[in-house]
Amino acid sequence: MTGIGTWEFWIDRGGTFTDVIGRDPDRRLHVLKLLSENPEHYADAAVQGIRTLLGLGEHEPLPSERIAAVKLGTTVATNALLERKGAPTLLAITAGHADALRIATQHRPRLFDRQIVLPSMLYSAVAELTERVGAEGQVITPLDPDQVRDALSPARAAGITAIAIVLLHGWRFTAHEQRVAEIARELGYTQISVSHQVSPMRKLIGRGDTTVVDAYLSPIVRHHVDRLSAALGDVRVQFMQSNGGLIDAGRFQGKDAILSGPAGGIVGAVATSAQAGFTRIIGFDMGGTSTDVAHYAGSFERSFETVVAGIRVRAPMLEVHTVAAGGGSICRFEQGRYRVGPESAGADPGPACYRRGGPLTLTDCNVMLGKLHPTMFPAVFGPSGREPIDVEIVARRFAELAELIATATGEPVRRPAEVAEGFVEIAVANMAEAIAKISTERGHDLDDHALCCFGGAAGQHACLVADALGMKTVVIHPLAGVLSAYGMGLADVRVVRERSLGVALVEGELAGVQGWLAELGRA
């Protein structure tokens, strides 16, 4: 319950902007948008947003008694996975299976490629443990604690503090994994992800991949959580999970953080569209770095095994399809053609109009086309952090690019606005293709769907995307620019508990399942 005289803060920390909504004691909403990275002016955008809305000075302490709760979604885990910037991780696995996760299922998504480029693995080292438990629980090779210490010590001596423990049949027979975890703790490992706790499901590959992801991302997530908690003191902090539910900061795990930010947007899109009378929608969330699209037709669509950035993750997630087309996607002319993304200018240096010497981006295209006006855009740019976007530099840079294109192609010089429009057309085609993948390619007819647009850049492209898809209705909420943050405030607390049971499909055995379900409900 929100206390009398207290605030709530709903925050979405994206790759470019951090959106903050504060609900004051009178239940009025206050909206603020800050650059996610602006080290010259603040250490953390979320904390700065809270301070600004509370009217605090630079050195005033945060009054925790005035804050009932902070609900936050973050892309910190997503970005760490995409950029391979997680914690160095040791994979501890049954001897003879060191390459099991690399070999995996040998699934080939592009069957006729002559050169197959595999994604890089997340673990930095492998320790093979001399142990083996059979499928029925018989101990084939006992665990030798001394061998385990010898196997785990080199990685610890090299500075690795995160470990993923994945033993054969460990999902069901957990004693060996528990003992390895105890030894890892004695050796000083601080992040210990154990497969029967992280993903207690059969099949070594899915369980192993998910455990490695958890070990790889949890230290990054924990650092973010601890930094925020230290700044907020005793305030209750909840994080959005990939499954669309909130969880207390202390229980927020790496494997559940991958779609933390986009999940809040889907929850907000569904709730606000329903208020407007639309129950079948395409969520179209275009931010500064990427565009996330999702389909909703009466119930949230979730997947329980997903491939993210080339890595298999077995955890419940909302179905979200992402393309590298955001307001900060870099626009360039290369090898005789226009190219948009996938690289992004981010928040620093950001687009050219941000006054930090950044490259031309989709945001600059919309400035060139007159869709973005300095008076209607946050004045948070330049050395002072208080200047509006720079229209003049955008016009000059597009004029220079038009000259370059004419020289390269031998064609007459195009008007700068024509060049900008060409880049926008490419981005719209990419976004329409992404929506088609989650809708028409799965048999959904979009004639009776509304396109719910949100995120800082979606409104600039909404009608173009709808036209490309033949959609007749576009929904734009008054808080569309910060709808992901709004979704944090509308979401419910959600806990997903899993347990695998190796029982025969007969009436006598199934009767005991009710007891297991009751135990999970009480946990």
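The values are calculated or read from the model by the stated rules, or taken from the named source; none is laboratory data. Only a predicted model underlies this, so the values are computations on that prediction, with no experimental measurement involved. FYI the Cβ positions are ideal-geometry reconstructions off the backbone, even for glycines, and counts take in every protein chain you see. Only protein heavy atoms, including side chains, enter the accessible area calculation; ligands, DNA and RNA are left aside. Shrake-Rupley method; radii C 1.70, N 1.55, O 1.52, S 1.80 Å.
Filter the range 74-94 down to residues that are over 30 Å from Val482 (Cβ atoms) and either open to solvent by less than 40 Å² (accessible area, probe 1.4 Å) or free of Cβ contacts under 8 Å to residues at least 24 places away in the same chain (or both) and give me whichever is nearest to the chain's Cα centre (by Cα).
Checking each candidate, the answer is Ala87.
Please pick out the residue among Gly456, Gly422 that is in contact with a strand residue (DSSP E or B) (Cβ under 8 Å, 6 or more places away or on another chain), closer than 24 Å to Gly328 by Cα and modelled with pLDDT of 85 or more. Write out each step before concluding.
Values: Gly456 fails: modelled with pLDDT of 85 or more.
Among Gly456, Gly422, only Gly422 is in contact with a strand residue (DSSP E or B) (Cβ under 8 Å, 6 or more places away or on another chain), closer than 24 Å to Gly328 by Cα and modelled with pLDDT of 85 or more.
Consider Gly481 carefully, then state whether it is at pLDDT below 90, out of contact with any helix residue (DSSP H, G or I) (no Cβ under 6 Å at 6 or more places or on another chain) and at positive phi. So that I can check it myself, show each step before the final result.
Numbers: at pLDDT below 90: yes; out of contact with any helix residue (DSSP H, G or I) (no Cβ under 6 Å at 6 or more places or on another chain): yes; at positive phi: no.
So Gly481 fails the test.
Sort through Val495, Val465 and tell me the only one that's of a type outside the set (Phe, Trp, Tyr), open to solvent by 30 Å² or more (accessible area, probe 1.4 Å) and under 30 Å from Gln241 (Cβ atoms). Walk me through it before giving the result.
On the way: Val465 fails: open to solvent by 30 Å² or more (accessible area, probe 1.4 Å).
Only one candidate qualifies: Val495.
Kindly provide the set of residues from the range 8-34 that are in a strand (DSSP E or B), over 22 Å from the mean Cα position of the chain (by Cα) and free of Cβ contacts under 8 Å to residues at least 24 places away in the same chain, ordered by number.
His30
Name the pairs: first residue in the range 238-251 and part of a loop (DSSP other than H, G, I, E, B), second residue among the β-branched types (Val, Ile, Thr), Cβ to Cβ under 7 Å, at least 6 apart or on different chains?
As it stands, the answer is Gln241/Ile247; Ser242/Ile258; Asn243/Val496; Gly244/Ile266; Gly244/Val267; Gly245/Val493, since those pairs meet every condition given.
Could you list all residues from the range 52-65 that are in a helix (DSSP H, G or I) and either surrounded by fewer than 18 Cβ atoms within 10 Å (Cβ to Cβ) or among the hydroxyl-bearing types (Ser, Thr, Tyr) (or both)? Can you show your working first?
Restricting attention to the range 52-65, the residues satisfying the condition of being in a helix (DSSP H, G or I) are 52-53, 64-65.
Thr52, Ser64, Glu65, listed by residue number.
Within the range 353-372, does at least one residue satisfy the condition of being open to solvent by less than 50 Å² (accessible area, probe 1.4 Å), more than 25 Å from Thr322 (Cβ to Cβ) and either touching a Lys or Arg at 6+ places or on another chain (Cβ under 7 Å) or part of a loop (DSSP other than H, G, I, E, B) (or both)?
yes
How many residues, within the range 175-199, are open to solvent by less than 40 Å² (accessible area, probe 1.4 Å), without any contact (Cβ under 8 Å) to a residue 40 or more places away in the chain and more than 31 Å from the chain's Cα centre (by Cα)?
Number of matching residues: 1.
With the structure loaded, tell me whether Gly481 is under 23 Å from Ala69 (Cβ atoms) and open to solvent by less than 50 Å² (accessible area, probe 1.4 Å) or whether it fails that test. Give the derivation first.
On the way: under 23 Å from Ala69 (Cβ atoms): yes; open to solvent by less than 50 Å² (accessible area, probe 1.4 Å): yes.
In short, yes.
Take Glu37 and tell me if it is touching a helix residue (DSSP H, G or I) at 6+ places or on another chain (Cβ under 8 Å), over 26 Å from Gly254 (Cα atoms) and part of a loop (DSSP other than H, G, I, E, B). So that I can check it myself, show each step before the final result.
Numbers: touching a helix residue (DSSP H, G or I) at 6+ places or on another chain (Cβ under 8 Å): yes; over 26 Å from Gly254 (Cα atoms): no; part of a loop (DSSP other than H, G, I, E, B): yes.
Here the answer is no, as Glu37 does not meet what is asked.
Listed here are the residues, each with its yes/no results for (1) in contact with a Cys (Cβ under 7 Å, 6 or more places away or on another chain); (2) of a type in the set (Asp, Glu); (3) open to solvent by less than 50 Å² (accessible area, probe 1.4 Å).
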site: Arg386; (1), (2), (3): no, no, no
site: Phe398; (1), (2), (3): no, no, yes
site: Leu404; (1), (2), (3): no, no, no
site: Ala420; (1), (2), (3): yes, no, yes
site: Glu433; (1), (2), (3): no, yes, no
site: Lys437; (1), (2), (3): no, no, no
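In the range 80-104, what residues are assigned to a loop (DSSP other than H, G, I, E, B), touching a Ser or Thr at 6+ places or on another chain (Cβ under 8 Å) and not aliphatic (A, V, I, L, M)? Break it down stepwise before answering.
In the first step, residues of the range 80-104 are kept if they are assigned to a loop (DSSP other than H, G, I, E, B); the result is 83-88, 95-99, 104.
Narrowing the set further to residues that are touching a Ser or Thr at 6+ places or on another chain (Cβ under 8 Å) leaves 84, 87-88, 95.
Arg84, Pro88 - these are the residues of the range 80-104 that are assigned to a loop (DSSP other than H, G, I, E, B), touching a Ser or Thr at 6+ places or on another chain (Cβ under 8 Å) and not aliphatic (A, V, I, L, M).
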